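Read through the structure below, which is laid out as C-alpha cells, and then see the notes.
The values are calculated or read from the model by the stated rules, or taken from the named source; none is laboratory data. Note that the structure is predicted; figures quoted are calculated from it, not measured. No Cβ is skipped: glycine too gets one built from the backbone with ideal geometry, and neighbour counts run over all protein chains shown. Side chains included, ligands, DNA and RNA excluded: accessible areas come from the protein's heavy atoms. Shrake-Rupley method; radii C 1.70, N 1.55, O 1.52, S 1.80 Å.
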Amino acid sequence: MSLDLSTRDGVAVLTIDRQDALNALNFSLIGQFSKLIDEVASLDVRGLLITGAGDKAFCAGADIKELIGRDLMAQRRGAEAGQAAFAKIAALEIPSVALINGYAFGGGLEMALACTFRLAVPSAKVGLPEIKLGLIPGYGGTQRLPRLIGEGRALEMIMTGRTVDAAEAERIGLVNRIVAGDDPMAAALAFLGEMTRYGLPALAFAKQAVSRALDLPIHEGLKVEADLSTLAYRTEDADEGLAAFVEKRKPTFRDR
Ligand code: CO8
C-alpha cells in the first residue's frame, strides 16, 4: 500500500498503489496524499498527473471497511480531511490531470474532480455510488460535479449512483478526452505538454480566473478577470509573447 511520487518530462506523477483494494483510500493514505500534494507544490514541475497503479482502477473511493462503526465526530473529521486534501489539488498553480485508468468511484471520482482536467481510458467507469451505501459524497462531489456537468446530470449521478462509462463521461463533459492506445501515460503527458510549454504565470492566472468565476456573480468575476489579465501584461512572458508574434518567431517563455 503506497503512494508513489516521481517526475517525468517535467511533470509530477502521483500513483495510488493499493491494488488489492482497487486503490481505495484509507485514512492513512489520505493523510499521506495531502502531504504529497504539499510536496508537489514545492517542486519545480510544470504539471501534476494522478493515476492508479495496475490496469483495473484509478481509485475505488474511500475505504468502505474503515467507515463502519466510527463516531460522528470522526466521520466529520474524515470528510473534512478528504475535502482539504483534494482542495489542495484544486489550489495548485500548475495544471493537474487525473488519468482515469479504470474504476473511479466515490472519493476516487471526487479526487479526479479536484484536478484541472480528466482523461479516461476507453474501459474506465466512473460514478458516485455513495447512495447505495446510504450515504452521499463527502469529499467534494456534491459541489464540484454540478459545477462541471450541471445540476441535472450531477443529481442524476448522485441520486441513482449509476455507473457512467468513458464514452458517456466524455459526452457529458465529465472527462475532457478519452485516451486510446497502449500508452495512456504518454498520451496524458502529451496532453499536459499542450499547455505546459506556455508560461506558468499565464497558466496560473487563467486557472485562477476561471475557478473564481464559478463562485462569483459575473460583474465581480469580470473585475477578477481585469485584475488578473492586467497582472499578465506585467510579466516578461507577455513582453516576449507579443514581441515574438510581431517578429514572426516562436516565443521563449521564462515563467517570469
Ligand atoms: N473500499 C474498500 N475495499 C474496496 C473498495 C472500497 N471502496 N472497493 C473495492 N474494494 C475491495 C473489495 O472489497 C475486494 O476486496 P477482497 O478481495 O478482499 O474482497 C477488492 O477490492 C476487489 O473488489 P471487487 O471484488 O468488488 O472487484 P469487482 O471488479 O468485482 O468490482 C467495483 C469492482 C465495482 C469497483 C466494486 O469493488 C465496488 O463497488 N467497490 C466499491 C465502490 C464504492 O462504493 N466506492 C465509494 C466508497 S464511499 C466513498 O468514497 C465516500 C467518500 C466520502 C467519505 C466521507 C468519509 C467520512
Subject >> Residues satisfying the stated conditions in segment 1-36, i.e. open to solvent by 40 Å² or more (accessible area, probe 1.4 Å) and of a type in the set (Ser, Thr, Tyr) >> reply: 2, 6, 7, 28
**OP:** Give the residues of segment 107-134 that are within 8 Å of the chain's Cα centre (by Cα) and assigned to a helix (DSSP H, G or I), sorted by residue number.
**Re:** 111, 112, 113, 114
Original post:
How about segment 5-30: which of its residues are outside any helix (DSSP H, G or I) and aliphatic (A, V, I, L, M)?
Top reply: 5, 11, 12, 13, 14, 16, 22, 24, 25
Subject >> Selection status of residue 48, open to solvent by less than 80 Å² (accessible area, probe 1.4 Å), touching a helix residue (DSSP H, G or I) at 6+ places or on another chain (Cβ under 7 Å) and over 23 Å from residue 135 (Cβ atoms) >> reply: yes
Original post:
Mind checking which pairs have a first residue in segment 1-22 that is over 14 Å from residue 189 (Cβ atoms) and among the hydroxyl-bearing types (Ser, Thr, Tyr) and a second that is in a strand (DSSP E or B) and open to solvent by less than 60 Å² (accessible area, probe 1.4 Å), Cβ under 7 Å, 6 or more apart or different chains?
Top reply: 2/17
Subject >> Enumeration of residues in segment 66-112 that are surrounded by fewer than 16 Cβ atoms within 10 Å (Cβ to Cβ) and touching a strand residue (DSSP E or B) at 6+ places or on another chain (Cβ under 7 Å) >> reply: none
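Per-residue answers, yes or no, for (1) surrounded by fewer than 17 Cβ atoms within 10 Å (Cβ to Cβ); (2) modelled with pLDDT under 95; (3) not β-branched (Val, Ile, Thr):
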{"residue": "159", "(1), (2), (3)": "yes, no, yes"}
{"residue": "164", "(1), (2), (3)": "no, no, no"}
{"residue": "169", "(1), (2), (3)": "no, no, yes"}
{"residue": "172", "(1), (2), (3)": "yes, no, no"}
{"residue": "177", "(1), (2), (3)": "yes, no, yes"}
{"residue": "183", "(1), (2), (3)": "yes, no, yes"}
{"residue": "186", "(1), (2), (3)": "yes, no, yes"}
{"residue": "191", "(1), (2), (3)": "no, no, yes"}
{"residue": "196", "(1), (2), (3)": "no, yes, no"}
Subject >> Residue check for residue 40: open to solvent by less than 40 Å² (accessible area, probe 1.4 Å), away from the ligand (no atom under 12 Å from the Cβ), over 25 Å from residue 135 (Cα atoms) and in a helix (DSSP H, G or I) >> reply: yes
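Keeping to segment 100-116, report how many residues are out of contact with any Pro (no Cβ under 7 Å at 6 or more places or on another chain) and either charged (D, E, K, R) or farther than 15 Å from residue 172 by Cβ (or both).
Keep residues of segment 100-116 that are out of contact with any Pro (no Cβ under 7 Å at 6 or more places or on another chain), which gives 100, 102-104, 107-109, 111-115.
Retained after the next criterion (residues that are either charged (D, E, K, R) or farther than 15 Å from residue 172 by Cβ (or both)): 102-103, 107-108, 111, 114-115.
Count: 7.
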Original post:
Which one is nearest to the ligand (Cβ to nearest atom), of the residues in segment 104-125 that are touching a residue at least 60 places away in the same chain (Cβ under 8 Å) and in contact with a helix residue (DSSP H, G or I) (Cβ under 9 Å, 6 or more places away or on another chain)?
Top reply: 107
**OP:** Considering each residue of segment 197-228, count those that are touching a residue at least 60 places away in the same chain (Cβ under 8 Å) and among the hydrophobic types (A, V, I, L, M, F, W, C), and give that number.
**Re:** 4
